[in-house]
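For reference, the structure is listed below as structure tokens.
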Amino acid sequence: MIDLITSTANHHVKYLRSLLRSRKDRHNERRFVVEGVRLVGEALNFAQPSLVLYVPEQLASTERGQQLLDQLAQLPHAFATTPAILAGLSDVETPQGIIAVVPMPQFTRQSASLILMLDGVQDPGNVGTLLRSAEAAGVGQVLCLPGTADVWSPKVVRSGMGVHFRLPIVDGLNWETALPLIEHCQQRFAAVQD
């Protein structure tokens with residue numbers, strides 16, 4: 001018999017909620033939240049989640065979900081829950097039945113020939129789109145400056161569609177700490193929104 005988390009007062013539910021809502025908690029823990037069959041499946045290729053909540057019957061209803069369900073049986077911190085608990089954690093209209101906490105990827109510092117700097121890009125959807133576009137264009141690193149939406153927030157992660165696991169992202173920078181990271185770039189271009 002699978003233990004089922006049914007209370008919003010459960011410590012796992014509270015922990016997930018804190019990471020979903022608080023940039024400070026995400027950065028202090030060096031963990032972020034991924035949601036949905038595709039993103040959690042991709043996350044499992046890069047790191048072991050520290051926590052997974054899932055709705056077994058919802059995952060079992062699709063082939064991809066069933067494959068993920070089989071993988072979850074091997075994880076020590078994966079817990080079944082109810083659709084209501086998962087819906088309470090999700091900010092999407094129709095949750096896919098799974099949500100996970102994963103560590104922020106640690107990439108080795110290297111000199112990238114093409115770097116994207118995000119300065120004051122506040123819309124989370126736009127940040128996620130820029131991250132996906134950067135990966136497609138061959139950008140080797142993304143630097144995030146003040147005023148930019150938190151790249152680890154649920155909306156940016158969802159919009160990024162897995163790019164967070166493949167593209168080195170450095171956040172928490174200011175111009176003083178960012179400039180040495182682009183010194184080697186011989187060409188620099190700036191784009192501003194009117």
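At-a-glance table
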| read-out | value |
| --- | --- |
| Residue-level accessible surface for residue 181, protein heavy atoms, 1.4 Å, Å² | 40 |
| Solvent accessible area, Å² - residue 3, 1.4 Å probe, full protein context | 120 |
| Under 5 Å, built H, 5+ apart or other chain: amide partners of residue 169 | 142 |
| Ellipticity estimate at 222 nm from DSSP helix runs (n ≥ 4, -39,500 (n - 2.57)) divided over the chain, nearest 500 | -10500 deg cm²/dmol |
| In Å², nearest 10: area of residue 184 left accessible to a 1.4 Å probe | 80 |
| Average accessible area per residue (Å²) across the range 1-121 - probe 1.4 Å, nucleic acids and ligands excluded | 56 |
| C-alpha center-to-center spacing [the range 30-68, the range 112-135] in angstrom | 25 |
| Calculated FRET value between residue 82 and residue 166, using beta carbons and R₀ = 41 Å, to 0.05 | 0.80 |
| Where 23, 38 fall by accessible area, highest first, once all protein chains stay in place (1.4 Å) | 23, 38 |
| Amide hydrogen neighbours beyond the local backbone of residue 161, cut-off 5 Å, H modeled | none |
| Global form of the range 73-119, assessed from the alpha-carbon gyration tensor, a/c cut-off 1.5 | oblate |
| Amide proton proximity set for residue 121, modelled H, under 5 Å, gap of 5+ | 148, 149 |
| Förster-model FRET efficiency, 30 Å R0, residue 18 and residue 176, C-beta, rounded to 0.05 | 0.45 |
| Loop-exposed chymotrypsin sites (Phe, Trp or Tyr not before Pro) per DSSP, neighbour cap 16 Cβ within 10 angstrom, longest uninterrupted part of the chain | 108-188 |
| Between 0 and 90°, nearest 10: helix 63-72 axis offset from the chain longest Cα axis | 90 |
| The range 123-172, accessible surface, carbon-and-sulfur percent (1.4 angstrom probe) | 56 |
| Tilt relative to the chain, helix 11-21 - C-alpha long axis, 0 to 90 degrees, to 10 | 30 |
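The values are calculated or read from the model by the stated rules, or taken from the named source; none is laboratory data. None of the values given here were measured: they were computed from a predicted structure. Every residue, glycine among them, receives a Cβ derived from its backbone with ideal geometry; neighbour counts consider all protein chains shown. Please note that ligands, DNA and RNA were not included when accessible areas were found on the heavy atoms of the full protein model with its side chains. Shrake-Rupley method; radii C 1.70, N 1.55, O 1.52, S 1.80 Å.
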